[in-house]
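Presented below is the structure to which this report refers.
The values are calculated or read from the model by the stated rules, or taken from the named source; none is laboratory data. Quantities reported herein were computed from a predicted structural model and do not represent experimental measurements. Cβ atoms come from the backbone with ideal geometry, glycine included; neighbour counts cover every protein chain shown. The area values use the complete protein model at the heavy-atom level, side chains included, leaving out ligands, DNA and RNA. Shrake-Rupley method; radii C 1.70, N 1.55, O 1.52, S 1.80 Å.
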Amino acid sequence: MPIPITLDHQPVVPDDVDLVVLGVRAGHLAADAPGLDIALAALAGFEGNVAQTLVAQTNDGARLLVGLGAEPDPTEFRRIGAAVAKGSLKQETVAVDLLGHLEGADRVAAAGTLAEGLALGTYSFADYKDPPPATVIASVIVVAKGGRKVADAVARGAMIAGAMGLVRDLVNTPGGDLTPSAFAEQAEEVAAEVGLEIEILDRAAIAEAGLGGLLGVARGSSQEPRFVTLTHRPVGRPKGSIALVGKGVTFDSGGLSIKTTAGMEWMKGDMAGAATVLGAMSLVPTLAPRMLVTAYLPLTDNMLGPDATRVGDVLRARNGKTIEVLNTDAEGRLILADALALAAEAEPDAIIDLATLTGACVVALGERTAGVMGNHADLQERVLDAAGAAGEDMWPLPFPAHLRKTIDSEIADLRNLGTSGLGGALTAGIFLQEFVADVPWVHLDIAGPADTTVAYDENSRGGTGYGVRTLVNVLTAWTKLPA
Ligand code: BES
Ligand code: MN
Ligand code: ZN
């Protein structure tokens, strides 16, 4: 279900709204909320700290107060927006009057992150609830002077949140319903809606194209795999060309190397990389129209049907390299092998892949931070900067060449599992590198932040939409890499 609110911008508070929200800076309660009973606010623990909320009487009547902290910082307005949305869910029309506490460029930036937070804060996954949880919030007006720039930032924030909502829905939808073919149909809908070229390969076409990794993972399932390619082609000469690759395992049971029940609980979300790429692609025609962007999405589930890939089987990937499968639960790298090889064949300026690839990355960096590896320092720096500006936590992992020999196979070119079992996130990255040829490439292991077991900031339990904002930042700021 799409995020159910509309966001608008107006220079002054309209008088026909159901709720007005006021921003209050820590240490400035009396000035920012005239008439507020400070002692009562203190009793409720309200100090104006970031994203604290309080319903209180002011000189102008009842208001929802939201804390902005002592010195309002645009990057905090996502969680401030989400707190406002959560505090306003029972109102139909809400005016949010708090950007007056910021100046100039900060105000424009805060308008964008605020809009994202307001929209994301209303998100809930209700496709299987009848009736859905009662929220009546329908329209939010961001009040700010600043004209066009602020209005554009609000519209852009709402749009980005919309794409993140799509990613969350895909991640949250059960694997039995979001099958590879169902995912491909969703991609078709997005492509039709925003105007992207799309090509969908079925099992026979996947075999024809030599995508032996994807085929090998899919053979354990009665669900047909799909390989989706989406393209945004700019009018005129592109500013640059980027390939986005996303792991699309619609359910990961582990295959014959089967997981435990607990280990499978979140594995409907093992297509988060593909969903994130689809979400970002939906924004490209509007936000990065001059870029040539191609998305490669290998889609399958990882099951253990009667013809499932056996431990010890050898698969041949798109680039001709053979892979001995020593653990069928290391399936992500098998399908990414084909997708990365296809992406590299087109010789784009850069390849960025996103994948819920390893539990080891979650052990290393926790649930909120993605691991970054790659073959090109400048590109990696750019992606890290883009993530920083997007407020998405990302951290570089080492990428030691000595690990390459740990994926040597006795009978094939590669094995899909390191010999030591240690440094699993790095070994997976080293494996992927075998398929990108010489194209500048960054790998994002999003196994941690793609979903969350607890709600925090603007995130609800389940899919987060992590990665969309980083990709948008990379694409919109793109210039040719130094040679
Ligand atoms: N989809 C999992 C990785 C994962 C684990 C994502 C936990 C999110 C949370 C991946 O396919 C997998 O099973 N990886 C194995 C690799 C191992 C067999 C080398 C893992 O991490 O245990
Ligand atoms: Mn797996
Ligand atoms: Zn997986």
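Can you name every residue in segment 331-370 that is within 16 Å of ligand 3 (Cβ to nearest atom) and either surrounded by fewer than 24 Cβ atoms within 10 Å (Cβ to Cβ) or free of Cβ contacts under 8 Å to residues at least 60 places away in the same chain (or both)?
Those that are within 16 Å of ligand 3 (Cβ to nearest atom) and either surrounded by fewer than 24 Cβ atoms within 10 Å (Cβ to Cβ) or free of Cβ contacts under 8 Å to residues at least 60 places away in the same chain (or both): 358, 359, 360, 362, 363.
Looking at the structure I just gave you, is residue 110 free of Cβ contacts under 8 Å to residues at least 40 places away in the same chain, assigned to a helix (DSSP H, G or I) and open to solvent by less than 40 Å² (accessible area, probe 1.4 Å)?
Working: free of Cβ contacts under 8 Å to residues at least 40 places away in the same chain: yes; assigned to a helix (DSSP H, G or I): yes; open to solvent by less than 40 Å² (accessible area, probe 1.4 Å): yes.
Criteria met by residue 110.
For the condition among the aliphatic types (A, V, I, L, M) and assigned to a strand (DSSP E or B), what is the one hit in 379, 304, 354, 340?
Details: 379 fails: assigned to a strand (DSSP E or B); 304 fails: assigned to a strand (DSSP E or B); 340 fails: assigned to a strand (DSSP E or B).
Unique residue meeting the criteria: 354.
Quick one: count up the residues across segment 264-298 that are over 12 Å from residue 171 (Cα atoms), outside any helix (DSSP H, G or I) and in contact (Cβ under 8 Å) with a residue 40 or more places away in the chain.
Going through segment 264-298 one residue at a time, the tally reaches 13.
Out of (1) open to solvent by less than 20 Å² (accessible area, probe 1.4 Å); (2) hydrophobic (A, V, I, L, M, F, W, C); (3) touching a Lys or Arg at 6+ places or on another chain (Cβ under 6 Å), the odd one out for residue 323 is which?
(3)
I need every pair where a residue in segment 191-207 that is in contact (Cβ under 8 Å) with a residue 60 or more places away in the chain and in a loop (DSSP other than H, G, I, E, B) has its Cβ under 9 Å from the Cβ of a residue that is open to solvent by less than 60 Å² (accessible area, probe 1.4 Å) and of a type in the set (Ser, Thr, Tyr), sequence separation at least 6 or different chains.
That search, which allows pairs on different chains as well, returns 196/231; 196/282.
Tally the residues that are over 20 Å from the mean Cα position of the chain (by Cα) and in a strand (DSSP E or B), restricting the search to segment 235-263.
The first filter runs over segment 235-263 and keeps only residues over 20 Å from the mean Cα position of the chain (by Cα), leaving 235-241, 253-263.
Now narrow it down to the ones that are in a strand (DSSP E or B): 240-241.
Number of matching residues: 2.
Looking at the structure I just gave you, is residue 329 within 16 Å of ligand 2 (Cβ to nearest atom), at pLDDT 95 or above and over 24 Å from residue 466 (Cα atoms)? Break it down into steps so the answer makes sense when it comes.
On the way: within 16 Å of ligand 2 (Cβ to nearest atom): yes; at pLDDT 95 or above: yes; over 24 Å from residue 466 (Cα atoms): no.
Here the answer is no, as residue 329 does not meet what is asked.
Tally time: how many residues in segment 408-440 are within 11 Å of ligand 1 (Cβ to nearest atom) and outside any loop (DSSP other than H, G, I, E, B)?
6
Could you list, in sequence order, all residues of segment 399-455 that are away from ligand 2 (no atom under 16 Å from the Cβ), within 22 Å of residue 316 (Cα to Cα) and open to solvent by 30 Å² or more (accessible area, probe 1.4 Å)?
The answer is 404, 405, 408, 410, 411, 413, 419, 433, 434, 437, 438.
Tell me, which residue of segment 221-234 that is more than 21 Å from the chain's Cα centre (by Cα) and surrounded by fewer than 24 Cβ atoms within 10 Å (Cβ to Cβ) is farthest from ligand 3 (Cβ to nearest atom)?
234
Is one or more of the residues making up segment 187-210 closer than 24 Å to residue 337 by Cα, of a type in the set (Lys, Arg), within 16 Å of ligand 2 (Cβ to nearest atom) and open to solvent by 20 Å² or more (accessible area, probe 1.4 Å)?
Within segment 187-210, not a single residue is closer than 24 Å to residue 337 by Cα, of a type in the set (Lys, Arg), within 16 Å of ligand 2 (Cβ to nearest atom) and open to solvent by 20 Å² or more (accessible area, probe 1.4 Å).
Restricting attention to segment 241-279, which residues are among the polar types (S, T, N, Q) and more than 15 Å from ligand 2 (Cβ to nearest atom)?
Just the residues of segment 241-279 that are among the polar types (S, T, N, Q), to begin with: 241, 250, 253, 257, 260-261, 276.
Hits for segment 241-279 are 241, 276.
Out of the residues in segment 235-292 that are polar (S, T, N, Q) and open to solvent by 10 Å² or more (accessible area, probe 1.4 Å), state the one that is nearest to ligand 3 (Cβ to nearest atom).
Of the residues in segment 235-292, the ones polar (S, T, N, Q) are 241, 250, 253, 257, 260-261, 276, 282, 286.
Filter again for open to solvent by 10 Å² or more (accessible area, probe 1.4 Å), leaving 241, 257, 260-261, 282, 286.
Working: 241: 28, 257: 11, 260: 14, 261: 16, 282: 24, 286: 32 Å.
That would be 257.
Residues 247, 268, 239, 259: which one is charged (D, E, K, R) and more than 16 Å from ligand 1 (Cβ to nearest atom)? Steps first, answer last, please.
Details: 247 fails: more than 16 Å from ligand 1 (Cβ to nearest atom); 268 fails: more than 16 Å from ligand 1 (Cβ to nearest atom); 259 fails: more than 16 Å from ligand 1 (Cβ to nearest atom).
It is 239.
Conditions first: (1) in contact (Cβ under 8 Å) with a residue 24 or more places away in the chain; (2) out of contact with any helix residue (DSSP H, G or I) (no Cβ under 6 Å at 6 or more places or on another chain); (3) not in a helix (DSSP H, G or I). Residue 373 passes all but one, so which condition is the exception?
(2)
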